[in-house]
1. Please tell me if residue 224 is touching a strand residue (DSSP E or B) at 6+ places or on another chain (Cβ under 6 Å), surrounded by fewer than 17 Cβ atoms within 10 Å (Cβ to Cβ) and at pLDDT below 95.
2. Hey, can you tell me all the residues within segment 152-179 that are modelled with pLDDT under 95 and outside any loop (DSSP other than H, G, I, E, B)?
3. Residue 99 versus (1) out of contact with any helix residue (DSSP H, G or I) (no Cβ under 8 Å at 6 or more places or on another chain); (2) in a helix (DSSP H, G or I): which is the lone unmet condition?
4. Among the residues of segment 179-192, is any aliphatic (A, V, I, L, M), in contact (Cβ under 8 Å) with a residue 12 or more places away in the chain and surrounded by fewer than 16 Cβ atoms within 10 Å (Cβ to Cβ)?
5. Of the residues 149, 186, only one is of a type outside the set (Lys, Arg), modelled with pLDDT under 95 and not in a loop (DSSP other than H, G, I, E, B); which?
6. More than 27 Å from residue 47 (Cα to Cα) and touching a residue at least 40 places away in the same chain (Cβ under 8 Å) - does that describe any residue in segment 117-134?
7. Select from segment 181-228 the residues that are of a type in the set (Ser, Thr, Tyr) and within 26 Å of residue 165 (Cβ to Cβ) and list them in ascending order.
8. Among the residues of segment 62-82, is there at least one that is more than 11 Å from residue 112 (Cβ to Cβ), of a type in the set (S, T, N, Q) and part of a helix (DSSP H, G or I)?
Amino acid sequence: MPTALRLSIRPGLPAKSRPTCWTKWPSSSSRSPAALSDAAFIPSAAVVLQDTKAWLERAVIGLNLCPFARAVHVKGQVHYAVSAAQGTHELLADLATQLKELASLPADVRDTTLLMAPDCLRDFFDFNEFLAQADDVLVDLGLEGDIQIASFHPHYQFAGMLQDDITNYTNRAPYPTLHLLREASIDRAVESFPDAEAIFGRNMLVMQELGHAGWQALDVGASSPAEGDAGFVASSRHESS
């Protein structure tokens with residue numbers, strides 16, 4: 001089980017002392033065969049939003065994986081952004097845009113942002129490596145200490161865990177997702193929660209009790225295209241010449 005909480009997965013950074021459900025935990029750097037699949041079709045922004053909101057409501061809030069998520073969701077303070085990026089440079093540009101927007105708005109208007117990238121970084125190993133670049137954007141914008149970036153991925157894997165371990169699903173979202181959080185909001189949430197340090201351990205137990213069948217029953221994965229489904233388009237990386 002992961003035992004250290006860090007602001008970044010990059011080696012050499014100090015441990016983070018404020019454990020929260022959506023703050024970064026060390027993730028595996030091992031490439032998993034299950035993470036290498038690449039879909040021939042990508043969902044429309046509307047489908048991505050639908051799937052992500054279902055995941056947030058049924059899994060994150062429904063299982064109480066993050067006690068702080070319900071309030072911002074009910075208040076409409078979660079901003080959803082879908083990136084059309086097919087490469088890291090495009091995604092970094094979209095990330096910078098979302099970071100600047102979040103920093104420019106008051107928390108009661110936009111407290112947090114979920115940035116989904118359905119056609120980019122499907123391989124969790126590559127996604128994990130990308131997070132260091134994402135943190136560099138924070139530094140370049142002068143937002144380190146004000147905002148932090150947590151991550152979710154369809155093939156998320158904690159360091160030291162097997163790829164199919166059910167506890168990995170606490171951080172598995174329908175699409176590669178960057179979660180932009182205000183540090184001040186994290187501080188307030190932790191202060192209001194009497195036992196914030198126990199959240200991670202509780203989530204592990206919840207997932208173990210739920211099991212793979214229970215998770216599948218939640219139906220919080222990415223939608224699959226039906227024949228002729230207008231909600232999906234061919235990825236240009238798979239179009240024949």
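The values are calculated or read from the model by the stated rules, or taken from the named source; none is laboratory data. From a predicted model like this one, the values you see are computed outputs, not experimental measurements. Don't worry about glycine lacking a Cβ; one is built from the backbone with ideal geometry, like all the others, and counts go over all protein chains shown.
1. Working: touching a strand residue (DSSP E or B) at 6+ places or on another chain (Cβ under 6 Å): no; surrounded by fewer than 17 Cβ atoms within 10 Å (Cβ to Cβ): yes; at pLDDT below 95: yes.
So residue 224 fails the test.
2. 158
3. Among (1) out of contact with any helix residue (DSSP H, G or I) (no Cβ under 8 Å at 6 or more places or on another chain); (2) in a helix (DSSP H, G or I), residue 99 violates only (1).
4. So far as segment 179-192 goes, yes, one or more of its residues are aliphatic (A, V, I, L, M), in contact (Cβ under 8 Å) with a residue 12 or more places away in the chain and surrounded by fewer than 16 Cβ atoms within 10 Å (Cβ to Cβ).
5. On the way: 149 fails: modelled with pLDDT under 95.
Checking each option against the conditions leaves just 186.
6. So far as segment 117-134 goes, yes, one or more of its residues are more than 27 Å from residue 47 (Cα to Cα) and touching a residue at least 40 places away in the same chain (Cβ under 8 Å).
7. Scanning segment 181-228 gives 223, 224.
8. Checked segment 62-82: no residue is more than 11 Å from residue 112 (Cβ to Cβ), of a type in the set (S, T, N, Q) and part of a helix (DSSP H, G or I).
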